[in-house]
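Presented below is the structure to which this report refers.
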Amino acid sequence: MFRNKRATGQAQSAMDDFRLLRQQVHERLIETIEDGGAEALAQPDEVRERIRDLVKELNEDTDADISAAEQARLEREILEELSGMGPLATLMLDRAISDILVNGPDEVWVDRAGRLERTALRFDDDAHLRRFLDRIVSAQGRHLDASSPMVDAKLPDGSRLHAVIPPLCALGAVVSIRRFRADPVTAAELVERGFLSAPMLEVLQLAVNAGQNVVIAGSAAAGKTTLLNVISRFVPATERIVTIEETAELQLDHEHVIPLESRPANIEGRGGVTLRDLVRTALRMRADRIIVGEVRGAEVMDMLQAMNVGHDGSLTTVHANSPQDVLRRLEALAHMGDAGLPRETIREMIGSAIQLIVQVMRFRDGSRRVTSICELVNMPDSLQVVEIFRFQADGLDDAGKVRGRHLSTGASIRFVERVRELGFELPKSPDGADPAAAPA
């Protein structure tokens, strides 16, 4: 036991010594910028040559004994610092990781297959972590300081980075990186994983193809954007799509997509472009369909208006815990934009704008599933949420995984009457009946 602790302590000491060595070499390397070396720092071969010279100087000045293996590691890690993701570089290569969470310099967590795991990686200190952040955000013309302590940024691979620094968080800099697959998820994969069933996918394909407006609801990391990406591929190739997002996440496989992205105001409070501004702009861009990555504010009012004035087949996501909660959430957001409108008017707009609500959920075992597909029926005095499909959970298996199956409720699907008039072929329900038929 004692030997194990001593070995662990020795390993930690060696690790700390190497971090100090890397920091010294890195700082000396950065100093070369003042001597006209900035251009050379963009060339990997030049950087390696400079590191070798600096290592030689350190050996001579301090009598250090830097081995060839340590020198090779120094070159690799400093190159990652200058042009890559630093200590996070190896995590960014792991396709099983969906989120990377940095809680100050000493804690790095990952979400792997829906489970949080703490890694052994760390930054040298607060200054090291801040240099990492400053390099990323400055490349996008943004800044992170006491006057602007929050920032969103997009990484070269499409991942989304969000950072918060003191005084907003006493831990130090806190970084959240949401990663996205280079190869988009396919509809067949979602069915194979049990995210949804084949009949559910057929109904969604029919709805999107035929121009029904769909809202995907769920909590954070439940799979809303993944499903939105998949079903957007059912939009006919002849139609023009305008996407609207705060930070670009959508990966639409379509021939005619115009991506719009909001912009925060600068340090003087000028130049900001909101999601609401972009929705209004999209209305002037001859869009057949408007896709809002997520509605979370006053822009929902403009989105509802777009759905009601000819932009059939528009799609969006919203944070909500149930299909019924979607209605309350949309109504509350709409009031943020136009508080003068009566509640009844807003509910009528919601009822005439939205045809389907798809609820997704992330379970405790990390799995994600569509838990409900509902049709929104506009009744004379109220909005009725009619469930078409549901997920029925059957407890846990021996491995602690959630068991269950997707079931049809047997409810008739009213929107297929409009779809039939447009000439679309209707899918059969699991029992072979016409999906528009009333249940027995």
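Derivation of every value follows stated rules applied to the coordinates shown; laboratory data play no part. Just so it is clear, the model here is predicted, and its values are computed rather than measured.
Couplings 3J(HN,Hα) of the range 108-122, computed from phi: 10, 10, 9, 9, 10, 6, x, 10, 7, 9, 8, 9, 8, 6, 7 Hz, in residue order, whole Hz [Karplus 6.51 cos²θ - 1.76 cosθ + 1.60, θ = phi - 60°; x for Gly and Pro].
Rounded, prolate or oblate: which one fits the range 135-275, using the alpha carbon gyration tensor with axes a ≥ b ≥ c (rounded when a/c is under 1.5, else prolate when a/b beats b/c, else oblate)? Prolate, since a/c reaches 1.5 and a/b exceeds b/c. Across the range 90-97, coupling constants 3J(HN,Hα) worked out from phi with the 6.51/-1.76/1.60 Karplus curve, θ = phi - 60°, read 5, 5, 5, 8, 8, 6, 7, 8 Hz, and Gly and Pro carry x. What the phi angles of the range 135-147 give under the Karplus curve with 6.51, -1.76 and 1.60, with θ = phi - 60°, is a coupling list of 5, 6, 6, 5, 5, 9, x, 10, 9, 9, 8, 4, 7 Hz, glycine and proline written as x. The H on the amide N of G313, modeled in the peptide plane, is under 5 Å from the matching H of Q212, N213, each at least 5 residues off or on a different chain. Using a ≥ b ≥ c from the Cα gyration tensor of the range 228-300 (square roots of the eigenvalues), is it rounded, prolate or oblate, where a/c under 1.5 gives rounded and otherwise the larger of a/b and b/c decides, a/b for prolate? Taking the square roots of the gyration eigenvalues as a ≥ b ≥ c, the range 228-300 is prolate.
Note on E261 and R115: the extension gain reaches 49.5 nm, defined as 0.36 nm multiplied by sequence separation minus the Cα-Cα distance.
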